[in-house]
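Everything on this sheet refers to the single structure shown next.
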Amino acid sequence: MSAVLRDERLLLPMTVKQLDAVLAIELQAYPFPWTRGNFIDSLAAGYPAQVLHGSHGELLGYFIAMEGVDELHLLNITVAPAAQGQGHARFMLDELCTLGRSRGAHQIWLEVRGSNLRARSIYERYGFRHIGLRRGYYPASREEYPNGREDAIVMSLSLEAARGVD
């Protein structure tokens, strides 16, 4: 007897109806979360936005990207804190790469907090390279950052070279 493993995850387009569940995850995941208005504006602009559901229909995560000329800019990718460490971010990055290639993109760009070592590690293992720094890009606590702003590391992935390896 042989067992067949199936991936029960499902990515679907994000809709306004899902924003309560998306915002619940956003509030759990970040000290400075996106607002409902940020999500509504992104959806109204037609940005590629997907939600990831698990085998029981539970919301595991989501991403939103912005299309540019020959590129995608990843604006937000989040995995529910309770579902982290299970490969969901990689799964969504795989889908983002597929989406980018299907739309003629050659690069994916993103910013990540310098202090977000977990996310940076995921991106680096996936193949993203450090390209630059945006000083004071993110809001931050004054206890940690006297000016109330944290730098962002700019990263890029060539879709021609992307292979998404661990």
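Look at Glu150 and say whether it is within 24 Å of Ala45 (Cβ to Cβ), surrounded by 13 or more Cβ atoms within 10 Å (Cβ to Cβ) and charged (D, E, K, R). Here the answer is no, as Glu150 does not meet what is asked.
Does segment 130-138 contain at least one residue that is more than 28 Å from Ile40 (Cβ to Cβ), in a loop (DSSP other than H, G, I, E, B), more than 16 Å from the chain's Cα centre (by Cα) and without any contact (Cβ under 8 Å) to a residue 24 or more places away in the chain? Please lay out each step first, then the result.
Filtering segment 130-138 down to residues more than 28 Å from Ile40 (Cβ to Cβ) leaves 130-133, 135.
Filter once more, keeping what is in a loop (DSSP other than H, G, I, E, B): none.
No, segment 130-138 has no match at all.
Scanning segment 153-166 for residues that are surrounded by 13 or more Cβ atoms within 10 Å (Cβ to Cβ) and either modelled with pLDDT under 90 or among the aliphatic types (A, V, I, L, M) (or both) turns up Ile153, Val154, Met155, Leu157, Leu159, Ala162, Gly164. Only residues that are among the acidic types (Asp, Glu) and either on the phi > 0 side of the Ramachandran plot or part of a helix (DSSP H, G or I) (or both) were counted across segment 109-129, and they come to 1. Just one of (1) crowded, with 18+ Cβ neighbours inside 10 Å; (2) more than 25 Å from Leu133 (Cβ to Cβ); (3) in contact with a Ser or Thr (Cβ under 6 Å, 6 or more places away or on another chain) trips up Leu60, so point out which. So the condition that Leu60 fails would be (3). Tyr145 passes every criterion in (1) part of a helix (DSSP H, G or I); (2) without any contact (Cβ under 8 Å) to a residue 24 or more places away in the chain; (3) of a type in the set (Ser, Thr, Tyr) apart from (1). Filter segment 26-55 for residues that are more than 13 Å from the chain's Cα centre (by Cα) and of a type in the set (A, V, I, L, M); which is nearest to Ala82 (Cα to Cα)? Checking each candidate, the answer is Leu27. Checking every residue in segment 13-36 against the condition of being of a type outside the set (Phe, Trp, Tyr), modelled with pLDDT of 95 or more, assigned to a strand (DSSP E or B) and out of contact with any His (no Cβ under 6 Å at 6 or more places or on another chain) gives at least one match. Per this entry, Gly127 is counted among residues that are farther than 22 Å from Glu26 by Cβ and buried (at least 17 other Cβ atoms within 10 Å of the Cβ).
The values are calculated or read from the model by the stated rules, or taken from the named source; none is laboratory data. Worth saying up front: this structure is predicted, and the values here are computed from it rather than measured. Virtual Cβ from ideal backbone geometry, glycine too; neighbours counted across all protein chains shown.
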